[in-house]
Amino acid sequence: MMKKILHNPQALIGLALIALVTAVALLAPVLAPHAPDAVNLALKYQPASSEFPLGTDQLGRCELSRLLYGARASLGLPILVLLGAVGLGLGLAAAAVGGWLERGIVALSQIFLAFPSLIIACAIIGVLGGGLENTVLAGVLSMWAR
């Protein structure tokens, strides 16, 4: 498999981008020029400059710092969702037991596949409320069938 990846330029570019985003996310505290949550209303909507390479937002926060720290959440959340692999456990149970359990799990997964996962996740977050824990739970519950 590594031979195929090394001879495929698109795979190499994809791996390089994943490695770059991962490195940026891990090094965010070192690379960020300012604290991502430091509010300074006197600096709101500043254009790009040497002090603020991507400018500032409506609260005077450094956009580059917020982008670098945001990469951490963007990488961390999918890992948490993958760790909660509900579908793997249900699929193994269906394969091992078979019969009515298999038919029930297949029917339930077909129902979940019929709806867009974003709609299911939004409904779950709407019922449970915001927060990282509920977002992870909504991701796991909305994507288990896939």
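Quick rundown of the values:
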read-out	value
Computed [θ] at 222 nm, deg cm²/dmol, the chain (DSSP H ≥ 4; -39,500 (n - 2.57); rounded to nearest 500)	-21500 deg cm²/dmol
Portion, in percent, of the accessible area of the chain that falls on carbon or sulfur, probe 1.4 Å	72 percent
The chain, relative contact order [Cα under 8 Å, separation at least 6], %	17 percent
The range 90-140-the range 29-73 distance, computed between alpha-carbon centres (Å)	37 Å
Rg to Rh, two decimals, where the chain supplies the alpha carbon set and Rh follows Kirkwood	1.12
Kirkwood hydrodynamic radius over Cα pairs of the range 4-74, then Stokes diffusion coefficient at 10 °C and 1.306 mPa s, in µm²/s	118 µm²/s
Full-stretch length increase - GLU102, ASN8 - with 0.36 nm per residue and alpha-carbon distance subtracted	30.0 nm
Mean projected area (nm²) of the alpha-carbon convex hull when the range 84-144 is viewed from all directions	4.1 nm²
Whether the range 30-115 is rounded, prolate or oblate, judged on the alpha carbon gyration tensor where a/c under 1.5 counts as rounded	prolate
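The values are calculated or read from the model by the stated rules, or taken from the named source; none is laboratory data. Keep in mind that what you see is a predicted model, and the values were worked out from it rather than measured. Accessible surface areas use protein heavy atoms only, side chains included; no ligands, DNA or RNA. Shrake-Rupley method; radii C 1.70, N 1.55, O 1.52, S 1.80 Å.
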